[in-house]
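Below is one structure, written out as structure tokens; comments come after it.
Throughout, read-outs are computed from the coordinates displayed, never taken from laboratory work. Everything quoted here is computed from the prediction, not taken from an experiment. For neighbour counting, all protein chains shown are included, and Cβ atoms are generated from backbone atoms with ideal geometry for every residue, glycine included.
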Amino acid sequence: MKDISKEHLVWMYTKMKMSRYFEERMEKAYMEGKQPVFNIGAGPVPGEMHLSNGQEPAAAGICVHLKKEDTVTAPHRPHHNAIAKEVDLKRMTAEIYGKKTGLGKGKGGHMHLFDPAVKFSCGGIVAAGIPHAVGAALAAKKLGEDWVAVAFIGEGAANAGAFHESLNLAALWKLPFIVVIEDNSWGISVPKSDSTCVPFNDVRAAAYGIKGYLVRDNDPFEMYRVSKEAVERARKGEGPSIIEIETYRFLGHFQGDPELYRDKEEVPTLRAKDPIERVKSHLIKEGMATEKEMDALDANIISEVDEAYEFAINSPLPAPEDALEDMFV
Amino acid sequence: MTDTKVQKLTGSKAMSLAIEQEMLKDDKIFVMGEDVGKYGGIFGSTTGLMDKFGPDRIMDTPISETGFIGAAIGAAAEGFRPIVELMFVDFHGVVMDQIYNHMAKITYMSGGNVKMPIVLMTGVGGGYSDAAQHSQTLYASFGHLPGMKVVAPTFPHDLKGMMTAAIRDDNPVVFMLHKTLQGLGWMDQIPASLGPVPEGDYIVPLNKAQVIKEGTDITIVAAQMMTVAAMNAVAGLEKAGINAEIIDLRSIKPIDKETIFKSVAKTKKLLIVDEDYLSYGYTAEVAALVASEAFYSLEAPIGRLAIPDVPIPYSSVLEKYVIPDANNIIAKAKEIMES
Ligand SMILES: Cc1ncc(C[n+]2csc(CCOP(=O)(O)OP(=O)(O)O)c2C)c(N)n1
């Protein structure tokens, strides 16, 4: 692990911690107005809510190698991806609160965040973001830029037609494209083993003649390493890659999911292997940071997230008639 | 139907009961879809069926939608009677070719020689901030395309009876359940989602609307949550001296025009309320039918309320603005009465 610089490890830790704390606050914010009787449409943050607690290494481990000009598309569970791509946190939070100051002026919501300044987007239709990233990679190639495009998806999306068509195109045109499959074992209630006969999706790379990587056990360091190689290859024009990472879903598919389909033991086992703690103890053990420095870092992260929430909470709601605006430009 | 026992059920229980009763009688029926197994369907339409019928007949699918909906077509042609679920109507873009070019056309293109006894069930509707890709009804998008019966029942009684009819029908039926009418524990609990349902099997025809409140002054035509909104407007309308007749469409395709014409002949006025987009929606279809075939019944211009041709926005204030509600209905009805 000596191959990862302190700067990069601290960056990854920061994004992972920020993402986790963001989601923990969101868990509480989401429940406001939904107690004692849960009602998905009630409270300041209504609608479906898919949180990413546990899945942080997938996002931070590759985004550490990306720059502003690189494109990222994400699915319905997008907050960790957005934070790692450095989406404007205040405006993202405001969007989730449905405020006028949000990235989409309250029109998009948590599944539909668009921040063109850092080339980030996400959407609620499974697998739909994959071809968008292929298109961004095509654009980079046409422009002669060394930009790459990364599509984040869940392992369930790897069984959708859009996945296969996109990879075939990206391979055919040798595009700077990477798909990161966040394998959290579940597509809502359906386990990966009931969705495909392929135990790990890296082997599917062979079907398109591209590179496949597998990261076991949510390992942030390994995610860093394989992503570095895949991004470098893409920038050099060596074509697309599939990266699959075995990751953890600490929470339900969505908030309010009764989770009757999974073993009660699963989550505590996963939580005991918290990837954020792994990076932190590594930093301390290797003498890259002291406990005190880490505490100070945490305090900064927490206050940045808190500020974003304050901004969102204190922002005005859109006017009802704003619903009719922004149809065409 | 007369001597069968009646129980109070939610919309989702009524649906799953219909599926269960038909599956017990016909082993050619099977269910496919995402999370229809242990989960019982995201909107509860297959609750308990996995325990009763096992994974051979209640099949959880991967997110391979062109695959499994296309497979329903192939299995139907072999004599099976698949019930397929694709969670939200919004997701059908992924698999539309299988639906409108194949499922809907094969019977016709084969000169009636190939049957397509498929029920395609899906959740529709907004009102709970699920935003642009999870809140549509798309009634008209399906109603527009020939070759499919499209139903959108409101009350548990009709959800059961129309599901039974859909399963027994030898043609493709798109069965739209409204999420808010399923009586789900995690949604808004509204009285309309719980209602009397006969225990035994029975059929509600796939092509009949129902007058759910008689009145003399104006006909309000609606479906699902807009029917509920119209019922919620009744008190306000009465206060304004308007005695409305309310028709619950139940069937989007075909539209039961006789029931509508009969009502308009009595009330002379018409307001159509839709949770779908305004342009080309059923508000336009019903208005066109009345204007071309029952024009001389009318004493005032026809009123239309629907989503004003924008995607459904996320923020509650915006969403409330675009989805018609009881207040919009009262205001529009007054306008028509005064015109
Ligand atoms: C085309 C389409 N089909 C189905 C859904 C419903 N749906 C939302 S998330 C999901 C499961 C996705 O699983 P996975 O890709 O593994 O991502 P995860 O939720 O585990 O992060 C499904 C079936 C959808 N949003 N879009």
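Of note:
- Antiparallel %, DSSP beta bridges [both residues in the stretch A:6-311], to 5: 15 percent
- For the stretch B:206-226, the residues whose amide N sits under 18 Å from a probe point set 7 Å from the Cα of B:Ser339 along the beta carbon direction are B:217-222.
- Each helix, a run of at least 4 DSSP H residues, gives -39500 (n - 2.57); summed and divided by the residues of chain B, these come to -10000 deg cm²/dmol at 222 nm.
- Distance between modelled label sites at B:Phe80 and B:Lys320, nm, 7 Å Cα→Cβ extension: 4.7 nm
- At R0 = 35 Å, FRET efficiency that the Cβ-Cβ distance of B:Tyr202 and B:Lys257 yields, to 0.05: 0.90
- Largest-first ellipsoid semi-axes for chain B, taking √(5λ) over the Cα gyration tensor eigenvalues, angstrom: 33, 21, 20
- Taking 7 Å steps out from each Cα toward its Cβ at A:Ser281 and A:Glu7 produces label points 2.9 nm apart.
- Relative contact order computed over chain A (Cα-Cα under 8 Å; 6+ residues apart), in percent: 22 percent
- For the stretch A:106-160, relative contact order (Cα pairs under 8 Å, six or more residues apart, normalised by length) works out to 27 percent.
- Three-way shape call for the stretch B:232-320 based on the alpha-carbon gyration tensor, with the a/c threshold at 1.5: oblate
- Rounded FRET efficiency, nearest 0.05, which uses the C-beta distance separating B:Glu20 from B:Asn328 and R0 of 41 Å: 0.60
- Using the Cα coordinates of the stretch B:79-235, the gyration tensor eigenvalues translate into equivalent-ellipsoid semi-axes of 27, 19, 16 Å, sorted from longest to shortest.
- For residues of B:86-92, the mean tally of beta carbons on other chains within 10 Å: 1
- Rounded tilt (10° steps) of B:224-239 against the dominant C-alpha axis of chain B: 20 degrees
- Antiparallel %, DSSP beta bridges [both residues in chain B], to 5: 25 percent
- Centre separation in Å (Cα based) which lies between the stretch B:196-220 and the stretch B:145-195: 13 Å
- Computed over the stretch B:210-338, relative contact order equals 29 percent, with contacts defined as Cα pairs under 8 Å that lie 6+ residues apart.
- Rounded to the nearest 5, the antiparallel percentage of DSSP beta bridges internal to the stretch B:210-338 is 20%.
- Cα centroid separation, the stretch B:85-135 to the stretch A:200-269 (Å): 32 Å
- In order along the stretch A:45-58, the Karplus-derived 3J(HN,Hα) couplings, from 6.51 cos²θ - 1.76 cosθ + 1.60 at θ = phi - 60°, round to 10, x, x, 6, 9, 10, 9, 10, 3, x, 9, 4, x, 4 Hz, and Gly and Pro are given as x.
- Size-normalised alpha-carbon gyration radius of the stretch B:186-339, reference 2.2 N^0.38 Å: 1.04
- When Rg and Dmax are taken over the Cα atoms of the stretch A:182-329, they come to 20.9, 57 Å.
- If you wrap the stretch A:1-102 in the convex hull of its Cα atoms and look at it from every side, the mean projected area works out to 7.3 nm².
- Structure note, pairs B:Lys213/B:Lys262; B:Lys208/B:Lys262; A:Lys28/A:Lys105; A:Lys192/B:Lys28; A:Lys68/A:Lys119; A:Lys264/B:Lys38: Cα-Cα distances above 18 angstrom occur for A:Lys28/A:Lys105; A:Lys192/B:Lys28.
- Over 31 Å (Cα to Cα) - which of A:Lys17/A:Lys107; B:Lys105/B:Lys179; A:Lys34/A:Lys99; B:Lys149/B:Lys268; A:Lys107/B:Lys149 fall in this group: A:Lys107/B:Lys149
- If a spin label sat at a point 7 angstrom from the Cα of A:Glu32 along the line to its beta carbon, the backbone N atoms of the stretch A:296-329 nearer than 19 Å would be those of A:302-319.
- Cubic angstrom per residue, convex hull over Cα atoms of the stretch A:6-311: 127 Å³
- Phi to ³J(HN,Hα) by Karplus 6.51 cos²θ - 1.76 cosθ + 1.60 over the stretch B:63-70, Hz, x for Gly, Pro: 7, 10, 6, 4, x, 7, 6, x
- Listed residue (B:Val204, B:Ile63, B:Val31) projecting farthest to the positive dipole end of chain B, Cβ model: B:Val204
- Cα gyration tensor, the stretch B:118-206 - rounded (a/c under 1.5), prolate or oblate: oblate
- Ignoring aspartates and glutamates fewer than eight residues from A:Lys85 along the same chain, the ones with Cα atoms less than 14 angstrom from its Cα are A:Glu56, A:Glu69, A:Asp70, A:Asp115.
- Karplus-derived 3J(HN,Hα) values for the stretch A:208-214, using 6.51 cos²θ - 1.76 cosθ + 1.60 with θ = phi - 60°, are 10, x, 10, 8, x, 10, 10 Hz; glycine and proline are entered as x.
- Chain A: calculated mean residue ellipticity at 222 nm from DSSP helix runs of at least 4, using -39500 (n - 2.57): -13000 deg cm²/dmol
- Cα centroid separation - the stretch A:54-126 against the stretch B:237-266, whole Å: 46 Å
- The protein assembly as shown: radius of gyration over Cα atoms, expressed as a fraction of 2.2 N^0.38 Å: 1.01
- Looking at the stretch B:1-134, the pairs of alpha carbons with a distance over 21 Å make up 45% of the total.
- Peptide B:53-62 shows a mean partner chain C-beta count of 3 within 10 Å per residue C-beta.
- Shown is the FRET efficiency for A:Lys236 and A:Glu86, computed with R0 = 25 Å from the Cβ-Cβ distance and rounded to the nearest 0.05: 0.55.
- Of the GluC sites (Glu not before Pro) found in the stretch A:262-319, the ones in coil according to DSSP and having at most 11 other Cβ atoms within 10 Å of their Cβ are A:Glu265.
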